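Down below is the structure, laid out as C-alpha cells.
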Amino acid sequence: MSRTKNILKHMMHLSLLASVGFAALLCGAAPALAVATAPTPGAWQSFGVLAGSAVTNTGPTIIIGDLGVSPGTAVTGFPPGIVSAPGTIYSGPGPAATGQTALTTAYNELAGQTCDFDLTGSNLGSVGTLTTGVYCFSTSAQLTGTLHLTGNASDIFIFKIGSTLTTASGSSVVLEGTAQACNVFWQIGTSATLGTNTAFVGNILALASITMNTGATLDGRALARNGAVTLDSNTTDASVCGSPPVPAPPPNVGLFKVFNPATIPVNNVSTLTITLTNVAGALTPATITSFIDNLPPGMTIANPTNAGTDCPGPPPPTVGAVIGDNKVTLTGGQIPGGTTTTPGFCTVTVNVTTTTTGSFKNELGTGILVTDQGSNEAGPSVVLNAVVLPVTGVPTLSEWGMIIFMVLVGLMSIYYLRRQKAKA
C-alpha cells in the first residue's frame with residue numbers, strides 16, 4: 001500500500017513539472033513588442049509648420065509655434081494667416097534650415113523602428129482603440145471616421161506609412177486617458193492630406209508635402225522635409241505638450257480709418273484716411289513690413305487716386321493704389337515713436353468711389369498691418385454710404401396759375417390786335 005502511494009505521488013510531481021514546462025514553453029514563444037520610442041528632441045520641435053519648398057495659405061489660419069521654410073524661401077498668405085506670438089516666420093538659411101536638419105534625423109529614427117502591428121489595408125477609423133506601439137502600413141493609409149488612442153502621459157504612438165496618408169472630411173483622432181498629442185508620430189513616406197474639417201492629432205513628418213484642407217485642425221506639427229505645406233483656414237498648435245503658451249502682450253501697433261465725407265452720391269469720391277499708430281510709451285519707431293486694406297465689395301480706387309502717405313522712411317514708403325482696384329497697400333516707411341502718454345502715428349490716404357448705392361463696411365482685420373514691433377489686432381469697422389441724390393424737377397404752374405397765365409396771354413393778344421387795327 002505504501003509502495004502504491006509513493007508511485008502515485010511521484011507521478012503527480014512529474015505531471016506538475018510537465019505542466020509548468022509546457023506553460024513556460026508557450027510563454028517563451030510569444031514575441032516581445034518593440035518599445036515605441038520618440039525621436040531625438042531638436043530644433044524641429046519649435047515649428048508648428050515647417051516646409052522644404054514653400055508654405056502657402058488661404059484664409060484666417062492660426063499657427064501656434066514657429067513657421068519655417070528651407071531650403072525654399074516662399075511664404076505666402078500671412079496675412080491673412082497669423083503666426084501667434086511669440087512664434088516667428090523663418091525662411092532660407094538659419095533657424096528653418098536647422099529645423100530641417102533636425103527633422104531629417106527625427107524622420108529617419110521613426111522610419112527605423114520595428115513594427116509591432118501591420119495594419120496594411122485597414123482603415124484607421126475601423127481598427128478600434130489603439131494603445132502604445134508601432135503601427136505600420138506598407139503602402140497608403142486612410143482615416144474615415146474616428147481613431148481612438150488610449151494611454152498614459154508617457155505612452156508613445158508611432159504610425160509608419162509607406163506612401164500617403166489621407167483623411168476623409170470630418171474625420172478625427174481622439175486621445176483617451178492621459179495620452180499626449182506630442183507623443184503621437186506619423187512618419188509618411190510621401191505626402192499627407194487632411195480632409196475638410198478633420199480634427200487631427202500628432203506630429204506629421206512627411207517626406208514630400210502636407211495639405212490641410214479647409215477647416216482642418218492639428219494638435220501637433222505639420223513638418224514636410226522636401227515639399228510644400230498648403231493651408232486653408234486651419235489651426236496648428238505645437239504647444240499641446242509643453243507648458244501653456246505665454247499670453248502675447250498687447251500689440252504695439254494699431255490703426256483706424258475714416259471716410260470723408262462719410263456719405264457720397266453714387267459715382268462721387270470720398271477720401272479714405274487710414275491712421276497707423278504706435279502705442280503710447282513706444283518711443284522707438286515701428287518699421288512697416290507690410291500693410292494691405294481690402295476694400296469692401298462694390299468699392300474701388302477712384303480716378304484720380306490721390307494716394308499718398310506721410311509715414312517717414314527709411315525705408316522709403318510706397319503706397320500701392322490702382323484705379324479700379326479694390327485694395328490699397330503700403331510697404332516700407334515707419335510709424336513714428338510717440339511719448340510716454342501719446343502714441344506716434346502717420347497716415348495713408350486714397351480716394352475711393354462706388355457705382356452702386358448702399359452702406360459699404362470697411363473692416364479692420366487682425367494682422368493687416370505688420371511691423372518689426374508686431375501686428376495689429378482687429379479694430380472697429382468704418383462705413384461709407386452711397387446714395388442717389390433726388391432729381392430737382394423743373395418748376396410747374398398750378399392749375400389756377402395756368403388759368404391766370406392764359407387770361408393774361410388772351411388780354412395781351414386782344415390789346416395787340418386793337419393796336420394793329422387803330423394803326424390801319
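At-a-glance table
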read-out	value
Computed magnitude of the charge dipole of the stretch 253-387 (debye, nearest 20; Cβ of K, R +1, Cβ of D, E -1)	180
Sites Ala153 and Ala262 - FRET efficiency at Förster radius 60 Å, r taken between beta-carbons, to 0.05	0.55
Debye-sum result for the stretch 253-387 in log10 I(q)/I(0), which assumes one identical scatterer on each alpha carbon, at q = 0.13 Å⁻¹	-0.52
Whole-number percent relative contact order across the stretch 127-219, with pairs defined as alpha carbons under 8 Å at least 6 apart	25
Fraction of the pair-distance distribution of the stretch 108-188 above 23 Å, Cα-Cα pairs, percent	12
Electrostatic dipole magnitude of the stretch 119-266 [Cβ: Lys, Arg +1; Asp, Glu -1; Cα centre; debye, to 20]	280
Difference of contour (0.36 nm per residue) and Cα-Cα distance, Thr355 to Asn294	20.2 nm
Extension reserve of the Thr114-Ile414 stretch, reckoned as 0.36 nm per residue once the Cα distance is removed	95.7 nm
Listed residues Thr357, Gln334, Met299: farthest to the positive end of the dipole of the stretch 253-387 (Cβ charges)	Thr357
Whole-Å semi-axes of the stretch 119-265's equivalent ellipsoid (Cα gyration tensor)	35, 19, 14
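Only the coordinates and a few stated rules stand behind these numbers; no lab work does. It should be emphasised that the depicted structure is a prediction, and the values quoted were computed from it without experimental measurement. FYI the Cβ positions are ideal-geometry reconstructions off the backbone, even for glycines, and counts take in every protein chain you see.
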